[in-house]
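None of the figures in this text is laboratory data; all of them are computed from the coordinates on show. Predicted, not measured: the structure shown is a model, and the values here were computed from it. Positions of Cβ are backbone-derived with ideal geometry, glycine not excepted, and every protein chain shown enters the neighbour counts.
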Amino acid sequence: MGGYGLWWTGTVLGFLVLVPGILGWGKEGHYAICKIAEGFLNEDALAAVKELLPEFAEGDLAAVCSWPDEIRFHYRWSSALHYVDTPDFLCNYNDSRDCHDSAGHKGRCVTAAIYNYTMQLLTYQDSISESKYNLTEALLFLSHFIGDIHQPLHVGFTGDEGGNTIIVRWYRRKTNLHHVWDNMIIESAVKTIYSKDLELMIEAIQRNITDAWYNDNRSWQICANNQSTVCPNEYASESIHLACKFAYRNATPGSTLDDDYFVSRLPVVEKRLAQSGVRLAATLNRIFSSETKFAEA
Ligand SMILES: [Zn+2]
């Protein structure tokens, strides 16, 4: 699995509070997404990313893609930015209706956060010293949130907090549905299909992107209007549809999820990891392109 996951246990971020399971794709998921994205960055984006990464990342974006989860209890304001809840059983996303935090503050959700950090990063060309934003943090937040928004239950129902309150068994282990989608499906896949090696899972997804999903991959990269730098509302709509069709289905409170659920949902998880990696790269490529800039985030 390489050195992922260990870097941050040092003293750099001494205030880390780890509460696995309620945080968005687990560490493996975010690592995979950013590893996939790194493979699709163009020269301009690669140079900008390397310049903005904190030193402890040692040049590897994937190593720091879970950072927003590690600091979310330190940066309390950022907690609501990892997800967006939608009305129960409607199975659609509406930005003006849904993008707010639990106290009702508008714009405090993952889609708005993606727009915000994209806008901040677009000031990179103005030269780092002039930007009034912390572009290192903006890069880490954007990379993380583009991952989170692709986890179907990060755009789940309000009543069950995106599956967090739906207690189920994953094989024999008691957990909740949100955690199954953040961690368990990926962990079980690594363990049973990929010889306990996350890198092998990433390689398999990369092969699919350039092979079986080749045509999809090109359409994933662009937004429906073909003009925006990033389009989180589209990603959110896809996620809530997938949540209804795959995540919530046959996963009622108290149910045991095992082989049937695992085998039928793993392809969905792998495709979402692929899509978020490809889209993160395409977004960073557009942001840091030294040629034509898109006016609108
Ligand atoms: Zn998260």
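Data table
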| read-out | value |
| --- | --- |
| Taking TYR93, TYR75 and counting other C-beta atoms within 10 Å, the order from fewest to most | TYR75, TYR93 |
| At q = 0.11, 0.14, 0.17 Å⁻¹, base-10 log of I(q)/I(0) for region 7-288 (Debye sum, equal scatterers on each alpha carbon) | -0.59, -1.00, -1.52 |
| Nearest-ten-degree value, helix 43-52 long axis tilted from longest Cα axis of the chain | 80 degrees |
| 5 angstrom amide H check on VAL168, placed H, neighbours 5+ away | THR175, ASN176, LEU177, GLY254 |
| Fewest-first sequence of CYS91, CYS223, CYS109 by Cβ atoms within 10 Å of each Cβ | CYS91, CYS223, CYS109 |
| Given LYS35/LYS271; LYS27/LYS271; LYS50/LYS271; LYS245/LYS271; LYS27/LYS191; LYS35/LYS132, the pairs whose alpha carbons are separated by over 19 Å | LYS50/LYS271; LYS35/LYS132 |
| Under 13 Å, Cβ to Cβ, from LYS191 - net charge with Lys/Arg +1 and Asp/Glu -1 | -1 |
| Among TRP77, TRP181, TRP67, residue whose mean-square fluctuation peaks in a GNM of the chain (springs only between Cα atoms under 10 Å) | TRP77 |
| Global geometry of region 95-233, whether rounded, prolate or oblate, following the gyration tensor of its Cα atoms and the 1.5 cut on a/c | oblate |
| Estimated dipole of the chain in Debye, rounded to 20 [Cβ of Lys and Arg +1, of Asp and Glu -1, Cα centre] | 660 debye |
| Separation between Cα centres of region 102-127 and region 220-259, rounded to whole Å | 21 Å |
